[in-house]
1. In the stretch 32-52, what count of residues is obtained for those that are touching a Leu at 6+ places or on another chain (Cβ under 9 Å) and exposed (fewer than 13 other Cβ atoms within 10 Å of the Cβ)?
2. Can SER79 be described as farther than 20 Å from LEU15 by Cα, among the hydroxyl-bearing types (Ser, Thr, Tyr), in a helix (DSSP H, G or I) and free of Cβ contacts under 8 Å to residues at least 24 places away in the same chain?
3. Go through the stretch 82-100 and give me each residue that's under 14 Å from ILE135 (Cβ atoms) and in contact with a helix residue (DSSP H, G or I) (Cβ under 6 Å, 6 or more places away or on another chain).
4. Please work out which residue is surrounded by the most Cβ atoms within 10 Å (Cβ to Cβ), limiting yourself to the stretch 82-107 and to residues that are within 12 Å of the chain's Cα centre (by Cα) and within 12 Å of VAL55 (Cβ to Cβ).
5. Considering only the stretch 28-48, state which residues are over 23 Å from PHE118 (Cβ atoms) and within 15 Å of the chain's Cα centre (by Cα).
6. Looking only at the stretch 120-135, decide whether some residue is farther than 28 Å from HIS10 by Cβ and either more than 16 Å from the chain's Cα centre (by Cα) or modelled with pLDDT of 95 or more (or both).
7. Please go through the stretch 104-138 and give me each residue that is touching a residue at least 24 places away in the same chain (Cβ under 8 Å), over 30 Å from GLY29 (Cβ atoms) and in a helix (DSSP H, G or I), ordered by number.
8. Quick check on my filter: what residues within the stretch 7-47 are among the aromatic types (Phe, Trp, Tyr) and under 22 Å from LYS89 (Cβ atoms)?
Amino acid sequence: MLAYIDMLEHRAKWLGYLGLLPFAAGLVGLALIAPGSELVMSGVHGYGAVILTFVGAIHWGRAMASNDAALMTWSVLPSLVAWISLLLKPEFGLPVLILSFLSLNFFDQQQYQDAAWFRPLRFRLTAGVTILLTISWLLGLPEV
């Protein structure tokens with residue numbers, strides 16, 4: 001059983017960090033290749049919405065496993081917020097996503113008290129996502 005948990009942790013780390021690559025690519029695109037590009041900003045915004053939905057969906061699986069209806073509600077809220085953010089221009093939608101990632105991480109840190117490896121991973125991934133989104137947002141803001 002311990003070997004399976006080690007494999008799960010290892011795979012979760014690799015997949016989680018690989019999931020940061022589109023955020024980093026968007027940042028590089030905005031910083032070096034196409035500053036202020038609406039296409040790149042929309043790509044970063046869309047990917048952020050997808051990932052927020054994905055992270056929220058973790059709670060759907062936990063709700064099914066534990067018959068906890070409250071967790072099922074929490075699993076859907078990030079999707080709704082992500083969708084609402086997509087109705088906004090990236091300059092307004094990205095801050096919504098950033099605050100949502102931070103809020104969801106705070107909730108997750110309370111939920112996963114018994115998951116010794118998962119909590120630090122979630123924290124690091126949230127830090128990476130929010131830093132990359134914040135810098136992309138700043139780079140993509142229209143000049144005033």
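The values are calculated or read from the model by the stated rules, or taken from the named source; none is laboratory data. Since the model is a prediction, treat every value here as computed from it, not as a measurement. Heads up, the Cβs are rebuilt from the backbone with ideal geometry, glycines too, and the neighbour counts pull from every protein chain shown.
1. Qualifying residue count for the region: 2.
2. Considered against the rule, which asks whether it is farther than 20 Å from LEU15 by Cα, among the hydroxyl-bearing types (Ser, Thr, Tyr), in a helix (DSSP H, G or I) and free of Cβ contacts under 8 Å to residues at least 24 places away in the same chain, SER79 comes out as no.
3. Listed by number, the residues that qualify are PRO90, LEU94, LEU97, ILE98.
4. LEU97
5. Passing the criteria: GLY43, VAL44, HIS45, GLY46.
6. Within the stretch 120-135 (the criterion being farther than 28 Å from HIS10 by Cβ and either more than 16 Å from the chain's Cα centre (by Cα) or modelled with pLDDT of 95 or more (or both)), the answer is yes, since at least one residue qualifies.
7. PHE107, GLN111, PHE118
8. Answer for the stretch 7-47, where residues must be among the aromatic types (Phe, Trp, Tyr) and under 22 Å from LYS89 (Cβ atoms): PHE23, TYR47.
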